[in-house]
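Derivation of every value follows stated rules applied to the coordinates shown; laboratory data play no part. None of these values were measured; they are calculated from a predicted model. Neighbour counts are summed over all protein chains in view; Cβ atoms, including those assigned to glycine, are modelled from backbone coordinates with ideal geometry.
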Amino acid sequence: MHILVINGPNLDILGKREPEIYGSLSLWDIENQLKNKFPNAKFEFYQSNSESGVIDALHKAMESSVIGVILNAGAFTHYSYAVRDAVAAIKAPVIEVHLSNTDAREEFRKTSVIAPVCRGVIAGFGARSYELAASYLLEE
Ligand code: DQA
């Protein structure tokens, strides 16, 4: 029941960053909510503002104990082929999540270069996007 939760750029400042879009919870709050809601799962949390940090965290999913990855790649979602290639290399399912409904926002956010290599995408449910992804992985 080992799940990696990987957050990309600017997600370290959740709570302070455009709260009308991303909500008032900090990343720490979201991580704690996950741990409380799924006490039997072993979550490992990573956040990086750099592409290499996100990719290095994705490589950890190659460990055999990992049953899945919850990935909010932030803006990398929309253009990073390097993050996409890392996701494609992983055998465990990767769920792309977003706090906001990216399809209801600016044009550039409507493209995800990562979605085609993910198991699925959950967007627009705020912190619950992460919980929905975790319940999928844990019930799989
Ligand atoms: C986001 C949506 C992205 O477009 C944006 O760049 C983010 C956050 C979300 O969770 O809604 O950083 O991934």
Using a 7 Å offset from the Cα along the Cα-to-Cβ direction at both GLU51 and ASP29, what is the distance between the two label points in nm, to one decimal?
3.2
Mind checking which lysines have their C-alpha under 26 Å from LYS35, skipping anything on the same chain fewer than 8 residues away?
LYS16, LYS60, LYS91
Sites TYR136 and GLU107, calculated FRET efficiency, Cβ-Cβ separation with R0 22 Å, nearest 0.05
0.20
Calculate the FRET efficiency for LYS37 and ALA115 from the Cβ-Cβ distance with a Förster distance of 22 Å, rounded to the nearest 0.05.
0.30
Work out, in µm²/s and without decimals, the Stokes-Einstein translational diffusion coefficient of the chain at 37 °C, 0.692 mPa s, Rh from Kirkwood over C-alpha pairs.
223
TYR81/GLU18 FRET efficiency (R0 25 Å; Cβ-Cβ; nearest 0.05)
0.40
Which whole-number percent is the relative contact order of the chain (Cα, under 8 Å, 6+ apart)?
26
Report Rg (one decimal) and Dmax (nearest whole number) for segment 79-140, counting Cα atoms only, units Å.
12.0, 34
